Amino acid sequence: MLKSVLVSLLLVHLISCFWFMQARFDDFNSTTWVNRLGVIDSSYQWQYCSSIYWALQTLVTVGYGDFGAKNNSERMICIAWMVFG
């Protein structure tokens, strides 16, 4: 049980990093979640917390609708993560 929780937490961290990295690869344009959510000028800690929040809500299929995929690269990451979840 503990091993499953640790693996899940590692995967949540990794997908959170990919979620942020995708926005960085798109140069934080207006369609990326970082810009839409308004955390582009926030601290790295707040950006990381936002990424973790997205990854956890997507993994457990809660999907509050706070922010989600709006461009193709975000949709690909989102689909892969939902399939895993």
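The values are calculated or read from the model by the stated rules, or taken from the named source; none is laboratory data. Keep in mind that what you see is a predicted model, and the values were worked out from it rather than measured. Heads up, the Cβs are rebuilt from the backbone with ideal geometry, glycines too, and the neighbour counts pull from every protein chain shown. When the accessible area is computed, the model is the full protein with side chains, heavy atoms only, and any ligands, DNA or RNA have been set aside. Shrake-Rupley method; radii C 1.70, N 1.55, O 1.52, S 1.80 Å.
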Quiz item: Out of 12, 60, 39, any idea which swings most in a Gaussian network model of the chain, alpha carbons joined below 10 Å?
Solution: 60
Exercise. Report the one residue of 85, 55, 19 whose Cα lies farthest in the direction of the positive end of the charge dipole of the chain (charges on C-beta: Lys and Arg +1, Asp and Glu -1; origin at the Cα centre).
Key: 85
Quiz item: Tell me, what is the per residue accessible area of the chain in Å², probe radius 1.4 Å?
Solution: 65 Å²
Quiz item: What's the FRET efficiency of residue 46 with residue 2 using the Cβ-Cβ distance as r and R₀ = 35 Å, to the nearest 0.05?
Solution: 0.75
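For the chain, with all protein chains present and a 1.4 Å probe, just round the carbon and sulfur fraction of the accessible area to a whole percent.
67 percent
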Self-check item: Backbone N under 16 Å from the residue 83 label point (7 Å along Cα→Cβ), restricted to the stretch 15-31
Solution: 15
Quiz item: Which of 45, 57, 22 moves most in a GNM of the chain, Cα contacts under 10 Å?
Solution: 45
Quiz item: Based on DSSP H runs of at least 4 residues, each adding -39500 (n - 2.57), what is the mean residue ellipticity at 222 nm of the chain after dividing by all its residues, to the nearest 500 deg cm²/dmol?
Solution: -22000 deg cm²/dmol
Quiz prompt | Label of the coordinate-derived value, P(r) over Cα pairs in 5 Å bins from 0, in percent, listed as (i) 3, 15, 27, 27, 16, 7, 3, 1, 0; (ii) 3, 15, 20, 18, 14, 11, 8, 4, 3, 2, 1, 0; (iii) 3, 9, 12, 13, 13, 12, 11, 8, 7, 5, 4, 2, 1 | solution = (i)
Quiz item: What does the charge count near residue 67 come to, summing +1 for each Lys or Arg and -1 for each Asp or Glu among other residues with Cβ under 12 Å from its Cβ?
Solution: 0
Self-check item: Paramagnetic reach from residue 11 (point 7 Å along Cα→Cβ, amide N under 20 Å) across the stretch 53-85
Solution: 53-64, 69, 74-85
